[in-house]
Amino acid sequence: MSIDVTVPIAVPAAHRAAAARRGRWLQYLTIAWNSAECVVALTAGYLAGSIALVGFGFDSAIEVTSSLAVLWRLRRDADEARREAAEKRTVRVIGACFLVLAAYVAYEAGHALIARQAPDHTTVGIVLAALSLMVMPVLVHLKRRVASRLQSGALEAEARQTRVCAYLSAILLAGLVLNSALGSWWADPVAGLVMVPLIAWEGLEAVRGRTCCDD
């Protein structure tokens, strides 16, 4: 993944404050959506025995954690000294969340393939993945605008995590549909494994502190 290089430009305090408020509301919306998504995905995934759906549910829980970290970062935006320290901590929290998720999905998907565990059909999971695929790109667009206005690598990293969620929604939807329509039992754990490199790469980039806003 290429990392954009941007030159910091001073942003008027009033504009920063307005962007920070907009960013907080976007995080509240993300937390509400992902909390509901987490409960539905985990419940439907456990009932159907779907590794990809359970992994998607944990991704939603991790994104809630990341959103809480970003809220903490945004509340320190007015103080330039505290802002820089909060920025670094938030990026690394988000990266650690990515890596935990990648390890979990890899383990569960690998175990399902070895044990040849076939998930049941889950209409709820298919609908959830389709809805997420529509909602996530909109949130990504709005979050990246705020990240650009605040010149925040932490907010950009969290927006990328939301973008990963959109990718995972597409992968999850494909796996669930293949399993339901064609009886391809392997499609679900394979979909989970396809998620792993994408999740892990984003995690490593964040843990290293590499963001789009680095000089």
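The values are calculated or read from the model by the stated rules, or taken from the named source; none is laboratory data. Since we're looking at a predicted model, the values are computed, not measured. Note that we place each Cβ from the backbone using ideal geometry, even for glycine, and neighbour counts take in every protein chain shown.
Quick notes on this structure:
- Answer residue from segment 105-120, given it is surrounded by 16 or more Cβ atoms within 10 Å (Cβ to Cβ) and not small (G, A, S) and is farthest from the chain's Cα centre (by Cα) among those: Q117
- Among the residues of segment 151-163, those that are in contact (Cβ under 8 Å) with a residue 60 or more places away in the chain and surrounded by fewer than 24 Cβ atoms within 10 Å (Cβ to Cβ) comprise Q151, G153.
- Yes/no for V140 being more than 19 Å from C38 (Cα to Cα), at pLDDT 80 or above and in contact with a Lys or Arg (Cβ under 6 Å, 6 or more places away or on another chain): no
- Taken across segment 29-38, residues that are over 15 Å from the mean Cα position of the chain (by Cα) and in contact (Cβ under 8 Å) with a residue 40 or more places away in the chain do not occur at all.
- Meets criteria (without any contact (Cβ under 8 Å) to a residue 12 or more places away in the chain and not in a helix (DSSP H, G or I)) for S184: yes
- Condition broken by V135, with the remaining ones in (1) modelled with pLDDT of 90 or more; (2) more than 17 Å from A61 (Cα to Cα); (3) not charged (D, E, K, R) satisfied: (2)
- The single residue among A85, A103, A130 that is within 19 Å of D59 (Cα to Cα), part of a helix (DSSP H, G or I), of a type outside the set (D, E) and out of contact with any Leu (no Cβ under 9 Å at 6 or more places or on another chain) turns out to be A103.
- Some residue of segment 121-139 being free of Cβ contacts under 8 Å to residues at least 40 places away in the same chain, buried (at least 23 other Cβ atoms within 10 Å of the Cβ) and within 18 Å of the chain's Cα centre (by Cα): yes
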